[in-house]
Amino acid sequence: MSTVEFNQVIKSYGDVKVIHDFNLSINDGEFVSFLGPSGCGKTTCLRMVAGLEHNTGGVIKIDNVTVSTGKSSEFVPPENRKVGMVFQSYAVWPHMNVFDNIAYPLKIEKASKTEIESKVKEILDIVELSGLENRMPNELSGGQQQRVALARGLVARPKVLLLDEPLSNLDAKLREKMRGDIRKIQQQFKITCIYVTHDQIEAFTMSDRIVIMNKGDIVQMGTPEEIRQAPANDFVANFIS
Ligand SMILES: Nc1ncnc2c1ncn2[C@@H]1O[C@H](COP(=O)(O)OP(=O)(O)OP(=O)(O)O)[C@@H](O)[C@H]1O
Ligand SMILES: [Mg+2]
């Protein structure tokens, strides 16, 4: 388990500031969704936690350890952050079978063969893919591929799991099932989760807390009930209606 903290985080691309002054503390084991329209900065914030993007200013901490301040000398690289990430497109490697796809993060960590086998087996069970370890991605359905991506995000027991619209390529029925599955796994592993979506149903059904963003700013944060009962302004009221 782990905490994530954004302290006055700013991100600019050239002269364009896309994240203005982002302040947020995420608790141990909490499931927080970033919800907002296209282009508001959700993915950028997620990638800064992963270390795939450098913040221009401010401080990001994972588990009370500073991982980035905007200075390159104070930047902890992605591989040392113990963060798992699941992307919108399944992003499974087409040339590797299910087992090798899932085992990949453990191989990077130079885990032993026995450890890899037992951890992959355990996670396959959890995402209900046991028996499919030798299949190639093109022999799997979209939902199964997404489970492979999820298993790969979880297998190394990350402190924090980051999910960027992981269900948007799935049909409605499968999306609903996967929402429940992700929440169940997150609670079972007690993982701190940041979930990016522009789908309000997803955010409202899965989250402990929702952060509503617009144009690089947080416009409201609170539990789903708090936001539903008292939208902070017209933007939030319209967005969630
Ligand atoms: N590499 C880049 N160079 C310049 N601008 C960028 C770059 N990456 C993102 N941006 C800009 O930063 C802003 C935030 O982008 P981001 O991808 O975080 O949005 P988002 O909320 O995830 O949107 P979506 O819901 O469409 O995925 C956008 O205006 C985008 O055009
Ligand atoms: Mg995005």
Checklist outcome for this item: Taking Lys and Arg as +1 and Asp and Glu as -1, residues besides M85 with C-beta under 15 Å from its C-beta add up to +3
Item to check | FRET efficiency estimate (nearest 0.05) - Cβ-Cβ, S168 to D125, R0 30 angstrom | outcome: 0.70
Checklist entry - Could you give me the ³J(HN,Hα) list for region 109-123, computed from phi with Karplus coefficients 6.51, -1.76, 1.60 and θ = phi - 60°, whole Hz, x at Gly and Pro? => result 7, 6, 5, 6, 4, 5, 5, 4, 4, 6, 5, 5, 4, 4, 6
Checklist entry - In nm², what is the average projected area of the convex hull enclosing the Cα atoms of region 96-211? => result 7.2 nm²
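Just from its helices, what would the mean residue ellipticity at 222 nm be for the chain, if runs of 4 or more DSSP H residues each count -39500 (n - 2.57) and the sum is divided by every residue, rounded to the nearest 500 deg cm²/dmol?
Helix-only estimate at 222 nm: -10500 deg cm²/dmol.
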Next on the checklist: Quick check on region 90-157: take the gyration tensor over C-alpha atoms, sort the square-rooted eigenvalues as a ≥ b ≥ c, and tell me if it's rounded (a/c under 1.5), prolate or oblate.
Outcome noted: prolate
Checklist entry - What is the packing order of peptides 203-213, 221-231, 104-114, taking the mean over residues of other C-beta atoms within 10 Å and listing the highest first? => result 203-213, 221-231, 104-114
Checklist entry - Once you sort the root eigenvalues of the Cα gyration tensor of region 9-73 as a ≥ b ≥ c, which label holds: rounded (a/c under 1.5), prolate (a/b larger than b/c) or oblate (the other case)? => result oblate
Checklist entry - What ranking, highest mean first, results for peptides 54-61, 184-191 when packing means the other Cβ atoms within 10 Å averaged over each residue? => result 54-61, 184-191
Checklist entry - In sequence order, what are the phi-derived ³J(HN,Hα) couplings for region 187-204 according to the Karplus relation 6.51 cos²θ - 1.76 cosθ + 1.60 with θ = phi - 60°, rounded to whole Hz, with x for glycine and proline? => result 6, 4, 8, 6, 8, 6, 10, 10, 10, 9, 7, 10, 9, 5, 4, 4, 4, 6
Next on the checklist: Through the Karplus equation 6.51 cos²θ - 1.76 cosθ + 1.60, θ set to phi - 60°, convert the phi angles of region 32-48 into ³J(HN,Hα) values in whole Hz; use x for Gly and Pro.
Outcome noted: 10, 9, 9, 10, x, x, 4, x, 7, x, 5, 4, 4, 5, 5, 5, 6
Next on the checklist: How tilted is helix 98-108 with respect to the longest principal axis of the chain? Cα atoms for both, answer in degrees (0 to 90, nearest 10).
Outcome noted: 70 degrees
Checklist outcome for this item: Taking only the alpha-carbon positions of region 143-211 as identical scatterers, the Debye log10 I(q)/I(0) at q = 0.26 Å⁻¹ comes out as -1.43
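Based only on Cα atoms, what mean projected area does the convex hull of the chain have, in nm²?
13.3 nm²
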Checklist outcome for this item: Relative contact order as a percentage, region 90-157, C-alpha pairs under 8 Å and 6+ apart, gives 54 percent
Checklist outcome for this item: Rounded to whole angstrom, the alpha-carbon centroid of region 156-229 lies from that of region 126-141 at a distance of 25 Å
Next on the checklist: If you take every residue apart from K159 with its C-beta less than 12 Å away from the C-beta of K159, what net charge results, scoring Lys and Arg +1 and Asp and Glu -1?
Outcome noted: +3
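Applying a 10 Å radius around every beta-carbon, put 146-156, 129-139 in order of their mean neighbour count, most first.
In decreasing order of mean packing, 146-156, 129-139 become 146-156, 129-139.
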Checklist outcome for this item: Among S141, F235, G216, the residue whose Cα sits farthest towards the positive end of the charge dipole of region 82-241, when +1 is placed on the Cβ of each Lys and Arg and -1 on the Cβ of each Asp and Glu, is S141
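A short reminder: the numbers here are calculations on the coordinates, not readings from a lab. All of these numbers come straight from a predicted model, not from anything done at the bench. Note that we place each Cβ from the backbone using ideal geometry, even for glycine, and neighbour counts take in every protein chain shown.
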